[in-house]
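Have a look at the structure below, then the notes.
What follows draws every value from the coordinates through simple rules; no lab data is involved. Remember, predicted model here, so these are calculated numbers, not experimental data. Note that each Cβ is placed from the backbone with ideal geometry, even for glycine, and that neighbours are counted across all protein chains shown.
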Amino acid sequence: MKALVQRVSEASVTVEAESYHAAIGPGLCVLLGVEQGDTSEDAAWIAGKLARLRIFRDDEDRMNRSVQDISGEILLISQFTLAGDCRKGNRPSFVRAAPPELGAPLYEEVASHLREKYALPVKMGRFGAMMQVALINDGPVTLMVERTPGS
């Protein structure tokens, strides 16, 4: 499982085909890629890491606060292309991406953990939909959080 995490002052997602729009204020915009072999244990681990990741500034201007500490929000977007392998040729291979019947439930599990275990407000994109994501990256701060299947 991979999460591309961006500290944002605001972010939003729009799905035109469904007339759907969701937006957050300060917090994290998380692009989540689920890979073959990922499990519920990986979903719980990555949710905990996102909730506790200390990348927000404290009073001394150090990255020492989590999204929980600042009462921030999370915009969680499914992003199968994070599993893309670009080592060969010029067209990415997505063979490592989880099929929708595995990816969608694990994406939902991450959101559930963030909401229920960590009491974080979570807005979501639509799994498998074409989405437009807009954000203002604060810093900029962008990190890749990964957990390889079975670790």
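Couple of notes before you dig in:
- The range 1-76 and the range 89-145 have their alpha-carbon centroids 9 Å apart.
- Rounded to 10°, Cα long-axis angle of helix 100-116 versus longest principal axis of the chain: 10
- The ranking of Ile55, Ile136 from fewest to most other beta carbons within 10 Å of each one's beta carbon is Ile136, Ile55.
- Applying 1/(1 + (r/R0)^6) with r as the Cβ-Cβ distance of Ser9 and Glu41 and R0 = 41 angstrom yields a FRET efficiency of 0.80.
- Structure remark: mean-square fluctuation, Gaussian network model of the chain, C-alpha springs under 10 Å; the largest value among Ser40, Ser112, Ser12 belongs to Ser40.
- Peptide packing: for 93-100, 67-74, 41-48, 15-22, the average count of neighbouring Cβ atoms within 10 Å per residue gives the ranking 41-48, 67-74, 93-100, 15-22, highest mean first.
- Per-peptide packing, taken as the mean over residues of other Cβ atoms within 10 Å, places 57-63, 122-128, 80-86 in the sequence 122-128, 80-86, 57-63 from highest down.
- Debye, to nearest 20: dipole size of the chain, +1 on Lys, Arg Cβ, -1 on Asp, Glu Cβ: 380
- Nearest-ten-degree value, helix 40-52 long axis tilted from longest Cα axis of the chain: 30
- Local electrostatic count at Ile77 - Lys and Arg +1, Asp and Glu -1, tallied over other residues with Cβ under 14 Å: +1
- Approximate spin-label separation Leu143-Ala119, in nm, with each point projected 7 Å along Cα-to-Cβ: 2.3
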